[in-house]
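Here's the structure we're looking at; comments come further down.
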Amino acid sequence: MKGLPDLFAPLQQRWQQVPAEGRAMIIVGVLATGVGFIAVGFHSIVERLHHYTIGALHTVGGVWFALGSLACVVGASLLATFIIHRISPAAGGGGVLSTKRAFWRDFGYLEARTAVAKFLASAVTLGGGVSLGPEGPAVQIGSSAMSAAAGAAGIAKQKRRLYCAGGAAAALAAVFNAPLAAIAFVLEEVIGDLSSKLIGGILLASVIGALIAHAVIGPQPAFQIASLRDPTWLGVALCPIVAVIASLGGVAFQKCSLAVRGRMRSLRRLPAWSRPAVGALGTWVFGCAAFYLTGRIGVFGIGYADVTAAIGGELIWTTALVLALAKLAATFLAVGSGGCGGIFAPSFFLGAMFGGAVAGLAGLFLPLTGSDVSMLVISGMCAGFVAVIRTPITCILLIFEVTHQFVIVPFLLVATVVSHVVSRRLAKEDLYECMLRQDGEPPHHVLPPHDFRKWREMPVGALATFRPVSATDLSIDGLKNLLAAQRHQCFPVQTPADGRIIGLLTRAEAGHAIATGRAPNLEPALWIDAEKNLAHAQHLLIESPSGFLCLGDAGEKRLAGVFTLHDLLRGQEALLDDDET
């Protein structure tokens with residue numbers, strides 16, 4: 001009887017005969033299937049938890065709603081924080097920014113435990129009623145799961161970008177049942193290049209994720225609304241007004257979120273684990289206020305039911321305005337405090353309610369049709385989204401796919417243009433880029449440009465190493481200890497007395513010194529300022545015998561960091577994704 005190795009040997013041989021690109025696509029297809037089921041399960045669990053928490057309390061009302069919702073949102077936030085800190089701290093926050101960082105910094109490498117922590121913590125957070133969305137967690141869950149699974153399949157850490165991006169696309173397509181928007185979002189936001197060579201794998205993963213959603217949930221759109229007729233000229237005239245107001249709301253959301261985020265980090269006495277609970281408490285305050293004023297619970301959790309009601313013209317303008325203002329406050333507190341959830345759903349909600357408020361108020365004086373009202377609400381959704389996230393193609397495709405209404409496309413184009421103009425004047429960068437800057441990481445340091453000329457203009461400090469290993473003891477024993485402890489090929493040599501750099505010690509020279517028992521010969525150190533561009537650094541590296549530069553002032557000889565040929569090649573590799581396919 002043949003053993004298992006003998007049975008699988010022919011399959012392994014045939015697998016190796018498949019071209020590398022074909023093997024990558026097969027792996028992407030298989031893993032995207034699993035990610036699709038994970039994403040659908042995640043969204044279903046969130047809805048079920050919300051139904052049995054805030055949804056159940058809604059039917060009770062009264063003081064029990066206030067007490068129960070307080071326990072739900074604060075308890076859910078504390079439990080989510082506990083899960084994140086115990087399993088994977090990388091799972092905190094929204095999820096999209098962490099995925100972008102991993103894609104560019106770590107070549108798409110993510111751990112499986114990040115997916116587990118994000119799944120559990122986000123499900124608890126959103127199901128418990130904190131005012132955030134499911135799309136950011138879905139992106140991180142999908143990218144982490146597929147990257148880790150690719151690693152289990154033997155894919156090297158440096159070859160995970162395709163799987164990281166594919167996992168994000170598959171999960172987003174499954175959650176929203178919107179494959180085109182998922183492709184556009186990954187290309188626009190995560191990769192930042194619509195012509196990326198990874199598009200084939202991303203397209204395949206997105207289609208499979210959507211097919212899984214169709215198989216499990218059905219082909220119906222996320223927002224099920226009646227078929228819309230052509231709008232009247234009144235609706236067309238009001239569309240730019242709605243877009244301006246919704247985009248102003250989006251900009252306010254962005255600026256307030258950043259302000260709260262900065263303030264939270266400056267409060268040294270407030271433990272990090274308690275900060276998301278502060279944001280959850282804000283959700284409770286404003287969510288309860290909106291509930292007692294309007295009878296609606298959309299401020300809690302995702303809020304898609306109220307968005308659907310607004311599109312259907314079921315909300316009066318005062319109700320829509322109260323919900324918009326309450327959601328704005330609740331969400332920027334949740335985002336600023338580090339809550340575990342995304343910003344797609346809140347952006348849609350804000351835009352929809354501002355659009356509903358304008359449509360409802362205008363309807364008191366103008367003969368607006370039901371189609372006009374729906375169009376204005378949907379235009380507000382588009383404008384609010386673009387003002388915060390700045391991915392216009394994604395927004396247009398996403399709203400079209402979640403409504404299945406082709407007639408809205410012209411309105412979406414108008415809203416996108418107006419929102420882009422307004423938001424760019426008030427805030428030059430989107431929320432994710434502003435968060436990077438707030439973290440002390442300029443976007444071009446984390447997300448390299450795709451144009452080589454622009455890349456050459458990047459500062460050396462974007463790629464340098466600021467924790468270098470230096471040599472201070474040049475005795476035989478000191479050299480032996482240095483070579484045994486470190487694998488670097490070159491070391492800056494510091495004087496023990498004042499820490500100044502006196503030269504460079506290569507690994508080969510240290511070995512010769514040990515073998516002959518003599519003092520090592522040092523190479524002269526070449527210096528460069530961290531603000532100098534990479535083009536200048538390349539010229540100096542060519543002049544350096546060891547391909548090694550010291551960062552700092554050449555006169556003072558104080559070491560701030562090092563820049564090596566390896567750092568330069570690693571940065572160039574970040575620009576090239578051809579091998580990832």
Name the residue from GLY363, HIS488, TYR163 whose Cα lies farthest towards the positive end of the charge dipole of the chain, charges +1 on Cβ of Lys and Arg and -1 on Cβ of Asp and Glu. HIS488
Please report, largest first and rounded to whole Å, the three semi-axes of the ellipsoid equivalent to region 458-517, where each semi-axis is the square root of five times an eigenvalue of the C-alpha gyration tensor. 23, 14, 10
Which pairs in the list LYS100/LYS557; LYS118/LYS255; LYS157/LYS480 are over 29 Å apart, alpha-carbon to alpha-carbon? LYS100/LYS557; LYS157/LYS480
Expected sort for ILE316, ILE311, ILE389, ILE245 with the fewest Cβ neighbours (10 Å cutoff) up front is ILE316, ILE245, ILE389, ILE311
Have a look at the DSSP beta bridges in region 452-578 and tell me what percent are antiparallel, nearest 5. 80
Could you tell me how far the Cα centroid of region 236-253 sits from the Cα centroid of region 316-382, in Å? 10
Debye, to nearest 20: dipole size of the chain, +1 on Lys, Arg Cβ, -1 on Asp, Glu Cβ: 960
Relative to the longest principal axis of the C-alpha atoms of the chain, give the angle of the C-alpha long axis of helix 161-176, reported between 0 and 90° and rounded to the nearest 10°. 10
Please list the three semi-axes, largest first and in whole Å, of the ellipsoid equivalent to region 452-578, using sqrt of 5 times the eigenvalues of its alpha carbon gyration tensor. 28, 16, 12
Hey, what angle do you get for helix 112-127 against the long axis of the chain, alpha-carbon based, 0 to 90 degrees rounded to 10? 20
Percent RCO, i.e. relative contact order, over the chain, from Cα pairs under 8 Å lying at least 6 residues apart: 15
³J(HN,Hα) across region 80-86 via Karplus (A = 6.51, B = -1.76, C = 1.60, θ = phi - 60°), whole Hz, x for Gly/Pro? 4, 5, 4, 4, 5, 5, 7
Which of the GluC sites (Glu not before Pro) found in region 531-563 are in a DSSP loop and have at most 14 neighbouring Cβ atoms, other than their own, within 10 Å? GLU531, GLU556
Volume per residue (Å³) of the convex hull spanned by the alpha carbons of the chain is 194
When DSSP beta bridges are limited to those with both residues in the chain, what percentage is antiparallel, rounded to the nearest 5? 80
For region 504-534 and region 190-234, what is the separation of their Cα centres, given in Å? 56
As I understand it, the dipole of the chain uses +1 on the Cβ of Lys and Arg and -1 on the Cβ of Asp and Glu, about the Cα centre. Which of ILE378, LEU49, ALA535 lies farthest toward its positive end? LEU49
Which shape class applies to region 19-216: rounded if a/c is under 1.5, otherwise prolate when a/b exceeds b/c and oblate if not, where a ≥ b ≥ c are the square roots of the Cα gyration tensor eigenvalues? prolate
Using the Karplus curve 6.51 cos²θ - 1.76 cosθ + 1.60 with θ = phi - 60°, what ³J(HN,Hα) values do you get for each residue of region 44-49, in whole Hz, with x for Gly and Pro? 5, 5, 4, 5, 5, 4
Once ILE542 and ALA515 are pulled to full extension, the length gained, defined as 0.36 nm per residue separation minus their Cα-Cα distance, is 6.8 nm
Rank the residues ASP498, ASP430, ASP106, ASP372 as a footprinting-exposure proxy: fewest other Cβ atoms within 10 Å of their Cβ go first. ASP498, ASP106, ASP430, ASP372
MRE, 222 nm, helices only [DSSP H, n ≥ 4, -39500 (n - 2.57), over the chain, to nearest 500]: -20500 deg cm²/dmol
How far, in degrees from 0 to 90, does helix 476-485 lean away from the longest principal axis of the Cα atoms of the chain, to the nearest 10? 30
Order by protection proxy (mean Cβ within 10 Å, highest first), peptides 145-153, 533-541: 145-153, 533-541
For region 412-427, in residue order, the Karplus 3J(HN,Hα) values (coefficients 6.51, -1.76, 1.60; θ = phi - 60°; whole Hz; Gly and Pro = x) are 5, 5, 4, 4, 5, 5, 4, 5, 4, 5, 5, 5, 5, 6, 8, 8
Given H placed 1.01 Å from N in the peptide plane, which residues other than close sequence neighbours of GLY108 have an amide H under 5 Å from its amide H? PHE103
Using the 10 angstrom Cβ neighbour count as an exposure proxy, how do TYR304, TYR52 rank, fewest first? TYR52, TYR304
Under-5 Å amide H pairs with GLY561, H placed in peptide plane, nonlocal only: LEU551
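Values in this text are rule-based calculations from the coordinates and carry no lab data. What you see is a predicted model, and the numbers here were worked out from it, not measured in a lab. Ideal geometry is used to build each Cβ from the backbone, glycine not excepted, and the neighbour counts take in all protein chains shown.
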